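Q: After the structure tokens below, expect a handful of questions from me.
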């Protein structure tokens, strides 16, 4: 089973970007959509798999985009979305799980003409999510800027206030790293994204930041700023558009909030430092 690692056009290999966090409401799908669109607009072949079989937030976002393109006859870049392919269970190898084969088939399908594949995982622990984490070249973990979300990464000792052990999500990532190392693959670049950072409660923000920096050195991730809480992200979903598309849709003057959000996306794309991608947003 290849899991999408064959070279594609020009001898390149598809780079897998996985969005994961076992706690919902952290902005995974919004982040995934903006990263995917930024790559597509940069001329990169970009494919998308949504592993949240129930909610399908990212898939719905892209479907809304496709509908806007058809309705308004617009020419704007759009990532390629596919469903997980069905497989014949009679063809499974002994001990092979059908979901592992379906994920591999989806990645292999997109890797034929996509340089990047975005995989959005559900906000819960599932077999598909676990498998995707083990395959990630870049892992993006958005978290809300609070100790509630921090708990998924590290458990704080209530007496000392220090991190006592990795959280359940960090443990799952570590297990994926072990499987990746056993397969002889390069280490994953794990990026923790601080989303929805408020302007108030500066003491709490500093405390979360201090603990994240400490934990990052202990379990191996990078901390980068994410997206602030902005109404525009909710407003764009029904049309499937992103901040990058507004000038193409006739919006000549963007609000200060929208410009700030665009700068946040530019900073994120630079921080990801993806291979062969020039950031020009």
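The values are calculated or read from the model by the stated rules, or taken from the named source; none is laboratory data. On a predicted model such as this, the values are computed, not experimentally measured, just so you know. With ideal geometry, Cβ positions are generated from the backbone for all residues, glycine too; neighbour counts draw on all protein chains shown.
Q: Among the candidates 106, 154, 95, 161, which residue alone is buried (at least 17 other Cβ atoms within 10 Å of the Cβ), over 18 Å from the mean Cα position of the chain (by Cα) and over 22 Å from residue 268 (Cα atoms)?
A: Values: 106 fails: over 18 Å from the mean Cα position of the chain (by Cα); 95 fails: buried (at least 17 other Cβ atoms within 10 Å of the Cβ); 161 fails: buried (at least 17 other Cβ atoms within 10 Å of the Cβ).
Being buried (at least 17 other Cβ atoms within 10 Å of the Cβ), over 18 Å from the mean Cα position of the chain (by Cα) and over 22 Å from residue 268 (Cα atoms) holds for just one of 106, 154, 95, 161, which is 154.
Q: Moving on to the next point. Is it the case that some residue within the range 130-141 is at pLDDT below 90, out of contact with any helix residue (DSSP H, G or I) (no Cβ under 7 Å at 6 or more places or on another chain) and either surrounded by 20 or more Cβ atoms within 10 Å (Cβ to Cβ) or part of a loop (DSSP other than H, G, I, E, B) (or both)?
A: no
Q: Could you tell me whether any residue of the range 208-218 is under 30 Å from residue 165 (Cβ atoms), surrounded by 14 or more Cβ atoms within 10 Å (Cβ to Cβ) and free of Cβ contacts under 8 Å to residues at least 40 places away in the same chain?
A: The answer is yes; a qualifying residue exists.
Q: Can we say residue 274 is closer than 25 Å to residue 25 by Cα and either touching a residue at least 60 places away in the same chain (Cβ under 8 Å) or in contact with a helix residue (DSSP H, G or I) (Cβ under 6 Å, 6 or more places away or on another chain) (or both)? If you could, list the steps in order and put the result at the bottom.
A: Working: closer than 25 Å to residue 25 by Cα: no; either touching a residue at least 60 places away in the same chain (Cβ under 8 Å) or in contact with a helix residue (DSSP H, G or I) (Cβ under 6 Å, 6 or more places away or on another chain) (or both): yes.
It is false that residue 274 is closer than 25 Å to residue 25 by Cα and either touching a residue at least 60 places away in the same chain (Cβ under 8 Å) or in contact with a helix residue (DSSP H, G or I) (Cβ under 6 Å, 6 or more places away or on another chain) (or both).
Q: Regarding residue 113, is this residue in a loop (DSSP other than H, G, I, E, B) and closer than 30 Å to residue 38 by Cα? First the steps, then the outcome.
A: Values: in a loop (DSSP other than H, G, I, E, B): yes; closer than 30 Å to residue 38 by Cα: yes.
Yes: the conditions hold for residue 113.
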